Amino acid sequence: MEHFSLQVSLIGSESGLGAALGRALGEGFAVRSESPSEIRKEIISRTDVFLLDLREARLDSSDPGFQFLNSVSRIPMHPPVIVLCDEERREVMLRAIECGAIDNISHPPNVPELRLLLNRAHRFYQAEREIRELRTDQDRVGRLYNLLGTSPAMQELFDLAKRIAPADVNVLISGETGTGKELMARAIHHMSSRSRGSLVAFSCANLPDTLVEDELFGHEKGAFTGAFCSRQGRIECANNGSLFLDEVGDLPIALQPKLLRVLQERSFERLGSNRNIEVDVRLISATNHDLGELAKQGKFREDLYYRLNVVELRLPPLRERPEDIPLLAQHFLVKYGQLFQKHVKHLSEPVLATLQQYSWPGNVRELENVIQRAVVLSEGHTLELGTLPPAFRPGTSVPVANIADAPVMTGSTYEHELRRFKRNLVLRTLRQYNWKKAESARALGVARGYLHRLINQLDIRESETVTPEQPPVLNEVA
């Protein structure tokens with residue numbers, strides 16, 4: 001049986017080191033030495049991880065090693081780069097991380113640590129490539145215009161929307177605030193025979209009755225004080241197109257018969273006029289209320305409810321589809337990375353885990369705002385836990401996705417205790433070895449780059465003291 005070998009390209013080092021590393025790494029790794037002077041497609045295609053030798057690198061843009069790193073970083077979905085450098089050249093290591101390297105290791109490398117780094121970088125690259133493939137393949141992603149989702153609930157919803165969009169029926173979109181109801185309305189309009197017409201949107205929420213009536217139906221000159229000229233309403237503007245009424249459950253009860261007449265008779269009058277205006281409009285409504293229950297309570301006309309609800313599409317809240325969070329987060333990461341001209345490309349594993357544990361009361365809109373904030377604060381190529389709002393950081397209480405199964409956060413939880421244990425373990429080890437990262441990482445049995453990430457994620461500072469507890473077992477930190 002043929003075994004898989006991780007293809008490692010050693011850049012900028014003599015061939016002798018490549019051969020020695022290949023023998024030391026052993027089965028499962030194949031090491032080739034390459035020149036940093038040029039990047040050829042065949043090198044990229046046959047490489048799983050780059051190992052870049054910067055032991056003799058200069059801290060300027062003309063250095064061949066940094067030129068290679070900058071060139072590779074501009075290639076979409078390039079293999080990850082790990083830097084090999086002497087430990088005392090910390091400035092070179094930091095500069096390499098800023099330029100896009102995913103991790104670093106000191107020379108001469110510790111072989112078990114190098115194996116760990118190479119395998120972890122490759123797994124990260126594979127996961128990122130799968131996310132990119134999902135984003136670019138609409139059938140697999142389940143993209144419906146600007147709506148994204150691979151979960152079964154969203155796939156079923158997308159299929160239903162595609163089937164009812166060409167049929168000229170009224171649609172009621174229900175769902176919590178921030179789930180994407182207007183995006184769904186736009187998708188239905190664009191897939192319908194009315195796509196060449198306008199989609200006119202209006203929100204009925206928190207407006208006086210008279211203003212809602214004027215916005216929907218328009219008015220004639222002199223209809224009321226200040227009506228100095230005639231004005232078309234939203235219904236008239238949507239003629240031969242679609243009208244999207246958001247928060248239709250807040251439509252004043254006095255105006256509901258007038259909207260019902262538009263749906264039944266396809267006509268209406270402007271304020272201050274007796275002239276009948278005929279319109280051809282498809283109505284798409286949205287609400288975060290239960291209109292059926294409101295109708296039973298007499299707060300919404302039952303006949304209008306049935307007119308609106310020919311087909312209902314329910315958008316599930318984000319907490320019911322946590323499998324969509326990585327895809328959505330990556331989408332917003334790319335969007336705001338380009339908008340703010342940031343180099344951030346990746347979501348760290350702790351960030352993804354934290355995002356999936358959160359209950360998202362604000363749904364997709366809240367997730368977008370969180371990622372937007374994190375991108376603005378990010379300084380590297382990977383989005384780290386410290387860029388998230390305080391409620392998401394270690395040691396703080398975070399709403400959990402499965403509310404019914406979640407532990408009460410008033411006391412200690414498993415995750416909280418585990419985080420505190422890791423924090424004390426790392427802090428105690430760092431103090432024991434006088435904050436020497438390489439020695440501390442070896443004592444903990446982890447890679448030095450991973451130790452750096454732990455220090456950042458756990459917000460560890462040299463001035464802190466260790467919380468008294470039972471002596472830890474070193475190999476449990478990984």
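Descriptive notes on the structure:
- Sequentially through the range 111-126, phi angles give Karplus couplings (6.51, -1.76, 1.60; θ = phi - 60°) of 4, x, 5, 5, 4, 4, 4, 5, 5, 5, 4, 5, 5, 4, 5, 5 Hz, Gly and Pro residues having no value and appearing as x.
- Contact order normalised by residue count of the range 6-136, Cα under 8 Å, 6+ apart, percent: 22 percent
- Across the cross-link table entries Lys181/Lys299; Lys299/Lys335; Lys162/Lys342; Lys41/Lys335; Lys342/Lys436; Lys41/Lys436, which are compared at the Cα atoms, the separations over 30 Å belong to Lys299/Lys335; Lys162/Lys342; Lys342/Lys436; Lys41/Lys436.
- Inter-probe distance in nm under a simple model that places probes 7 Å from Cα toward Cβ, at Asn119 and Leu260: 6.9 nm
- Angle between the chain longest axis and helix 363-377 axis [Cα atoms, degrees, rounded to 10]: 40 degrees
- With 0.36 nm allotted per residue and the present C-alpha distance subtracted, the Asn70-Gln155 stretch has 26.7 nm of extension available.
- Local net charge near Ser230, Cβ-Cβ under 13 Å (Lys/Arg +1, Asp/Glu -1): 0
- For the range 349-385 versus the range 228-307, the gap between their alpha-carbon centres in whole angstrom: 39 Å
- Counting charges near Leu84 (Lys, Arg +1; Asp, Glu -1) among other residues having Cβ under 13 Å from its Cβ returns a value of -4.
- Calculated [θ] (222 nm, deg cm²/dmol) that DSSP helices of n ≥ 4 give over the chain, each run adding -39,500 (n - 2.57): -12500 deg cm²/dmol
- Lys345 long-range amide H proximity, modeled H, under 5 Å: Thr382, Leu383
- With a simple spin-label model that places each label point 7 Å from the Cα along the Cα-to-Cβ direction, the separation between Glu366 and Lys41 comes to 4.7 nm.
- 3J(HN,Hα) from dihedral phi, the range 175-187, Karplus parametrisation 6.51/-1.76/1.60, rounded to Hz, x for glycine, proline: x, 5, 4, x, 8, x, 5, 5, 4, 5, 4, 5, 5
All of the numbers you see were taken from the coordinates with simple rules; none came from a lab. Remember, predicted model here, so these are calculated numbers, not experimental data. Ideal geometry is used to build each Cβ from the backbone, glycine not excepted, and the neighbour counts take in all protein chains shown.
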